[in-house]
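Take a look at the structure below.
Read the figures in this text as sums done on the coordinates, not as results from a lab. Owing to the predicted nature of the structure, the values given are computational and were not obtained by experimental measurement. Neighbour counts are summed over all protein chains in view; Cβ atoms, including those assigned to glycine, are modelled from backbone coordinates with ideal geometry.
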Amino acid sequence: MSYIGLDSKSLSELPRDMAVEYLVNNDIEIIEYSGLDAIEIRYNGDVIGEWAGPTLTLKEDEEKKLYFEANVEHWSIIEEEIEDSFDK
C-alpha cells in the first residue's frame, strides 16, 4: 500500500469501518479467496499485489524441538518493477 502512496501505518490504526471507507474512497479493492486461502489487492482496477498461503511445514531443530515453518507465496507490482530494473 505504501508503494501507491497510502499511509499503511495510519490505515492499520483506523477502526474497521473507517478503514473500509478510506480504501473505497481511494479506489482500492481487497478480494479474499477463502477457498484458496488467498488475497488479491487492486488499485484503480489493476492488480498490484497477491498473497497465498501460508503453507506450514512441520520441522525439527537440532534439539529435537518441533516447530512450523511458514511459507507465504506473494507478488506485488513493486517487486516486478525491481526485477525489471535489474533485467535492463
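Worth a mention:
- Which listed residue is touching a residue at least 60 places away in the same chain (Cβ under 8 Å) and of a type outside the set (Val, Ile, Thr), from Tyr67, Tyr43, Tyr3: Tyr3
- Remark: Ile48 matches the filter, which requires a residue to be in contact (Cβ under 8 Å) with a residue 40 or more places away in the chain and not polar (S, T, N, Q).
- Number of residues in the range 21-62 that are surrounded by 13 or more Cβ atoms within 10 Å (Cβ to Cβ) and more than 14 Å from the chain's Cα centre (by Cα): the value is 3.
- For the range 20-72, the set of residues classified as more than 16 Å from Ser8 (Cα to Cα) and of a type in the set (Phe, Trp, Tyr) consists of Tyr33, Trp51, Tyr67, Phe68, listed by residue number.
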